[in-house]
């Protein structure tokens, strides 16, 4: 079912687009918590730091709310489509049960009507999937902007020239000293910002 595929890939797609937070939406929170420690303060004079995007996504309240919202919308779209498909199936079964007793012209018109309904159902499925995908793309952009804007301000305040992202198994950074990890401070700041601006 198209909606199922869209729903299953929606968070992966969101994370791919949000380059600061690549490939982290499906990580288990326990695993991430276990690998994230509170590092010592970044040494004075350091200009490059990094953020663990695995931890950032599992602990950023806005992302949690967004994930929940998109899952709810995906389930609603899936339920709506399933109900329409079941109604169509009942109609087809009803026709199949009586087709031998119907005159040829009535059989032909019923089959045409059912074929049209099937096409409409397929179009509805595609349109619902596209609408969900468009909404996800907009939400992903908002997520990216929130994180990027916060990191710009954070880096300027701290005097950092670059903030890199690290994700286990999907990162160009093979090693970084833990003293350069600012993930915990960034999560705290992002969540405080989100609480202030939440309506």
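Can you confirm whether region 161-171 contains a residue that is crowded, with 18+ Cβ neighbours inside 10 Å, touching a helix residue (DSSP H, G or I) at 6+ places or on another chain (Cβ under 8 Å), assigned to a loop (DSSP other than H, G, I, E, B) and touching a residue at least 40 places away in the same chain (Cβ under 8 Å)? Within region 161-171, one or more residues are crowded, with 18+ Cβ neighbours inside 10 Å, touching a helix residue (DSSP H, G or I) at 6+ places or on another chain (Cβ under 8 Å), assigned to a loop (DSSP other than H, G, I, E, B) and touching a residue at least 40 places away in the same chain (Cβ under 8 Å). Annotation note: of 54, 65, the sole residue that is at pLDDT 90 or above and part of a helix (DSSP H, G or I) is 65. Checking each residue in region 141-179 for being over 21 Å from the mean Cα position of the chain (by Cα) and at pLDDT below 90 picks out 172, 173, 174, 175, 176, 177, 178, 179. If you go through region 95-125 and keep only what is loosely packed, with under 12 Cβ neighbours inside 10 Å and within 40 Å of the chain's Cα centre (by Cα), you end up with 112, 115, 116, 119, 122, 123. Keeping to region 43-88, report how many residues are in contact with a strand residue (DSSP E or B) (Cβ under 6 Å, 6 or more places away or on another chain) and buried (at least 17 other Cβ atoms within 10 Å of the Cβ). The qualifying residues number 5.
The values are calculated or read from the model by the stated rules, or taken from the named source; none is laboratory data. These figures come from a predicted structure and were not determined experimentally. For neighbour counting, all protein chains shown are included, and Cβ atoms are generated from backbone atoms with ideal geometry for every residue, glycine included.
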